[in-house]
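Inspection log for the structure reproduced underneath, given as structure tokens.
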Amino acid sequence: MRLINIGYGNMISSSRIIAIVSPDAAPVKRMVQNARDKGLLIDASCGRKTKAVIVTDSDHIVLSAIQPETVAHRVNESASNEEENANEK
């Protein structure tokens, strides 16, 4: 299990991430509101503007204050590190 920094000391398991999307589209805003109503919303933006919405395999929605591209880069970086470690063994 690899933890990915999603900003301000908050971490999420990279293996649980399904999608990383921008919060600007109306369907994403509805998805966030539905998660809030169901108690499945995790706000990891620390009071800052939400720039990325992370969808997990457990139907939780995580809000982050860093760009989606940055989160995706960190996930890809973690995956490549795992592959290198597996090849060394």
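The numbers here are math on the coordinates, done by the rules we state, and not lab data. Since we're looking at a predicted model, the values are computed, not measured.
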**Message:** If I stretch the segment between residue 70 and residue 15 completely, what's the gain in nm (0.36 nm per residue apart, minus their alpha carbon distance), one decimal?
**Reply:** 18.1 nm
**Item:** Relative contact order of the chain, defined on C-alpha pairs under 8 angstrom at six or more residues apart (%)
**Value:** 30 percent
**Asked** Taking the Cα atoms of the chain alone, what are Rg (to one decimal) and Dmax (as a whole number) in Å?
**Response** 13.7, 46
